[in-house]
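Asker: The structure follows.
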Amino acid sequence: MAFCMLIRWMDRFVLLEKVVKMKQIPFSIKNRQELHDCIEKVQQEARALKNLSCVLVSIFMDTANERMLQEMKHTINASFPEAQIVGSVSRGEIVNGTLVEHDIVVNFTLFECSKVRVMSYDFRMMSSEQAGKELLAILNADKEVAAVEVISAGFHLDVNPFFHEVSKSRQEIVFFGGLADDGSLGQNGMVFAQNTTLRHGVAVAVFSGSKLHVQASSSFGWKPLGRSMTVTKMDGEFCLKELDGMPALKVFERYLGIVNNDKFLVEALTFPFYFERNGTVLARHPRRCREDGGVMFGADFRVGEKVRLAYGDPSDIIENAMVLQENLANFRPEAIFMVSCVARWMLLGSDTEQELSVTRHLAPSSGFYAYGEFMRNDAGEIMVSNMTLVTIGMREGRGSSTKKSFKVEHPKFKPHRTIMAHLVHFIETTTQELEETNAKLTKLAQIDRLTEVLNRGETELRLAAMLSQSQLSGQPMAVLMLDIDDFKGINDNFGHEMGDKVIGAVADILRAVTRTDEDAPGRWGGDEFLVAFQDMAAQEGREVAEQIRKEVAALDFLPEGRKVTVSIGLATAAEDDTTNALCRRVDMALYEAKRSSGKNTVVMH
């Protein structure tokens, strides 16, 4: 009997779980009267809900008319006094999978059992880091937070410290949003939260509830173009000064024919820099040029990162977006929030709505076009990217058990798009061939042909780079120099072919003992080798040197029972070392091992 009652109670719980349902009702309006009409419709929908726990109103508009905004807020609050209001000025808006250019988008999201709290942080009143810490404290205190929307204003706003702090929150919390702009390309946008408007800060909406489910998906679609370049000079985090020693502006002039005039931003916007950071593909598009040849971006670069120019093939971009449709359909959302990059719209033109249509038959959707999109990677790091379409599906409860049927409409392009597709295929193929050729040439330029370890020139470059990194990070570094004992006698007695075999065998041991992608074993010349060990202290360096010495002594292929031995010098880097000073010390240690200690030994200085 008790068991049957438990089953009935569980069945009732499941039914109650299923009836929980949020609603999203987006509108595109032109004036106050249309706003009043929309509010009446929302009130009718609200009365149909069994319970109304929270109302979120998202507003996106294409002009910074603060008076109009305040009147809208007053009108909304008169009908929904507890409504949470968030939004921004934007270049373009999205309603139910349709692009809106000149209207005002007002999106009402009604919750039955979840809560949304809207807040703002003015970066003129507090630092980016302090704002992040305050939001982190809120997120840590509420164990039911499911998602956070962040909308930032200010082209020069440094959101990285803010995101660094909030990235410490629980990894299952979804972050989304974007950088608002008024469409003037390079000027500050405007965000608003409740009764506050900001041009140098962030507006934040925190979604929480035990029955609130959230799924984030993103689509990129841009592809790398041409050769890889290294970021060699920055001015701060957002001004790219040089790539491979070349002024950043010269890269656009040389490879794309885009010069610094009044058309630069529009022409360069769809050719971002493409790179990978912590396993996530990111893009950066330019915002403006400086007179010194530097280019300002809306998100950061780091010295040493490898980047490439990228291009967008409209057919691939839209096909990639179609994947979002199936992901969302399986999730069964009741509301969809969207953030897309303005560069996607600029590239796709009249085909933009084919991309936006991925949400049209799944749930009501609303969103805006941004100049930087915010998302969280698998490691929990909140990142800023460009050229990305982000969709956020939400629902309360388990959702409908009936999967919505839909047909994926594959893109249909005009004739000029077909021609472009063939040109894109040509670019992809020639780029791949160029990369393969460059990889072979790079290997030939870096690798010693006989031993297949680094050659002298590349060894010197790696040694200098590792020494610089060691001195910056404070991590230890060890350097080993090795010389084959009596190598001339091996050549004289057994021939140069046998001498080459001995050199190859020693190189094999060095490759086996050293760590891939961390250490730098190289042929220093003749029968000498040098190895730089990253993050290795003196004692560990001596142990590795002894292992090499013993493994070489165990080689058994010389005629007449002769043995191969090596002498090894070892030194560790000092804080004020130069590469020349470090090499002199390790060379002195090797000399001592050969002359004073009887060979087949390790001497450390």
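Asker: Under 6 Å by Cβ, and 6 or more places apart or on different chains, what pairs join a residue from region 235-264 that is in contact (Cβ under 8 Å) with a residue 24 or more places away in the chain with one that is surrounded by fewer than 19 Cβ atoms within 10 Å (Cβ to Cβ) and assigned to a loop (DSSP other than H, G, I, E, B)?
Answerer: Listed pairs, sorted by first residue: Pro247/Gly293; Leu249/Asn260; Leu249/Gly293.
Asker: Somewhere in region 46-59, is a residue in a loop (DSSP other than H, G, I, E, B) and crowded, with 19+ Cβ neighbours inside 10 Å?
Answerer: no
Asker: Follow-up question, since we're still on this one. Could you go through region 300-307 and let me know if any residue there is farther than 23 Å from Leu56 by Cβ, in contact (Cβ under 8 Å) with a residue 12 or more places away in the chain, crowded, with 19+ Cβ neighbours inside 10 Å and in contact with a helix residue (DSSP H, G or I) (Cβ under 9 Å, 6 or more places away or on another chain).
Answerer: Yes - at least one qualifying residue is present in region 300-307.
Asker: I'd like to verify a number: residues in region 118-137 that are buried (at least 17 other Cβ atoms within 10 Å of the Cβ) and either in the same structural domain as Asp235 (by TED's automatic domain parsing) or touching a residue at least 60 places away in the same chain (Cβ under 8 Å) (or both), how many?
Answerer: 7
Asker: Taking region 82-127 as the search range and keeping residues that are touching a Lys or Arg at 6+ places or on another chain (Cβ under 7 Å) and among the charged types (D, E, K, R), which one is farthest from Leu328 (Cα to Cα)?
Answerer: Checked region 82-127; the qualifying residue farthest from Leu328 (Cα to Cα) is Asp103.
Asker: In the list Leu570, Leu530, Leu558, which residue meets the criterion of being surrounded by 18 or more Cβ atoms within 10 Å (Cβ to Cβ) and either closer than 28 Å to Asn493 by Cβ or touching a Phe, Trp or Tyr at 6+ places or on another chain (Cβ under 9 Å) (or both)?
Answerer: On the way: Leu570 fails: either closer than 28 Å to Asn493 by Cβ or touching a Phe, Trp or Tyr at 6+ places or on another chain (Cβ under 9 Å) (or both); Leu558 fails: surrounded by 18 or more Cβ atoms within 10 Å (Cβ to Cβ).
The match here is Leu530.
Asker: Look through region 505-527, keep the residues that are touching a residue at least 60 places away in the same chain (Cβ under 8 Å) and not in a helix (DSSP H, G or I), and return whichever of them is surrounded by the fewest Cβ atoms within 10 Å (Cβ to Cβ). Talk me through it step by step, then tell me what you get.
Answerer: Restricting attention to region 505-527, the residues satisfying the condition of being touching a residue at least 60 places away in the same chain (Cβ under 8 Å) are 506, 520-525.
Okay, now just the ones that are also not in a helix (DSSP H, G or I), so 520-525.
Numbers: Ala520: 22, Pro521: 25, Gly522: 27, Arg523: 25, Trp524: 21, Gly525: 12.
Checking each candidate, the answer is Gly525.
Asker: Also: Can you find a residue in region 338-347 that is of a type in the set (Ser, Thr, Tyr), under 30 Å from Arg395 (Cβ atoms) and buried (at least 20 other Cβ atoms within 10 Å of the Cβ)?
Answerer: If we filter region 338-347 for residues that are of a type in the set (Ser, Thr, Tyr), which is where we start, we get 340.
Those still in the list that are under 30 Å from Arg395 (Cβ atoms) too: 340.
Next, from what is left, pick out any that are buried (at least 20 other Cβ atoms within 10 Å of the Cβ): 340.
Taking every residue of region 338-347 in turn, at least one turns out to be of a type in the set (Ser, Thr, Tyr), under 30 Å from Arg395 (Cβ atoms) and buried (at least 20 other Cβ atoms within 10 Å of the Cβ).
Asker: Of all the residues that make up region 128-152, how many are touching a Phe, Trp or Tyr at 6+ places or on another chain (Cβ under 9 Å) and not in a helix (DSSP H, G or I)?
Answerer: 8
The values are calculated or read from the model by the stated rules, or taken from the named source; none is laboratory data. As the structure is a prediction and not an experimental result, all values here were calculated from the model. Here Cβ is always computed from backbone atoms with ideal geometry, including for glycine, and neighbour counts include all displayed protein chains.
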